[in-house]
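Below is one structure, written out as structure tokens, with a few remarks after it.
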Amino acid sequence: MEITINDVAAYLDHVGLQFMATIGTDGKPKVRPMQYMVLEDGKLWFCTNSKKDVYAELQANPSLELCGSKLEKEEIKSAWIRLSAEAVFVESRKIRELIVEKSEIVRSLYANDLDNPIFKTFYIIVKER
């Protein structure tokens, strides 16, 4: 069975919250919760704030890993996903609009200020294993 980008996006939505690992600016690994936002143009999009450490880390080294799982009632049936990828930052009002439409927390922060320069969007390029 071949897994498509649509399958990956649907699973990330199902999980709701993922964990992203980056290389910190101090050279040590960092892991934090991160939420996948939207699938657009065949790309998995995320967002962050340029004042956060994760932004500086991905600017210095765009390599990341993303892992997510949702514990199912029948635990043995719980699936998980882990992706090795690179972040690509793109200024896109269209993507910002789609993210604000989907995410309540992002909407509360940026709905009235889509052009806020600290609102950063990026997609990931998944690396083959």
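The values are calculated or read from the model by the stated rules, or taken from the named source; none is laboratory data. Note that the structure is a prediction, hence the values are computed from the model and not measured. The area values use the complete protein model at the heavy-atom level, side chains included, leaving out ligands, DNA and RNA. Shrake-Rupley method; radii C 1.70, N 1.55, O 1.52, S 1.80 Å.
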Inset, instruction - Could you state how much accessible area residue 28 has, in square angstrom rounded to the nearest 10, with a 1.4 Å probe and all protein chains kept in place? - result: 120 Å²
Legend entry - Listed residues 114, 109, 66, 98 arranged by accessible area, highest first, probe 1.4 Å: 109, 98, 114, 66
Legend entry - Set of lysines near residue 102 by C-alpha distance (under 26 Å), chain-local residues within fewer than 8 positions excluded: 43, 51, 52, 70, 94, 120
Legend entry - Kirkwood hydrodynamic radius of segment 51-129, from inverse mean 1/r over distinct Cα pairs, in Å: 14.7 Å
Legend entry - Shape category assigned to segment 1-119 from the gyration tensor of Cα positions, a/c cut at 1.5: oblate
Inset, instruction - Compute the accessible area per residue over the chain, keeping the other protein chains in place, probe 1.4 Å, unit Å². - result: 62 Å²
Legend entry - Residue-level accessible surface for residue 82, protein heavy atoms, 1.4 Å, Å²: 110 Å²
Legend entry - Under the Karplus curve 6.51 cos²θ - 1.76 cosθ + 1.60, θ = phi - 60°, whole-Hz ³J(HN,Hα) for segment 47-53, x wherever Gly or Pro sits: 9, 7, 10, 5, 8, 8, 4
Inset, instruction - Using a 1.4 angstrom probe on the protein heavy atoms only, line up 105, 118 by accessible area, largest first. - result: 105, 118
Inset, instruction - State the percentage of accessible surface on the chain attributable to carbon and sulfur atoms; use a 1.4 Å probe and exclude ligands, DNA and RNA. - result: 53 percent
Inset, instruction - Please calculate the 1.4 Å probe accessible area of residue 86, with all protein chains present, and give it to the nearest 10 Å². - result: 70 Å²
Inset, instruction - Starting from the Cα-Cα distance between residue 49 and residue 92, subtract it from 0.36 nm times their residue separation and give me the gain in nm to one decimal. - result: 14.0 nm
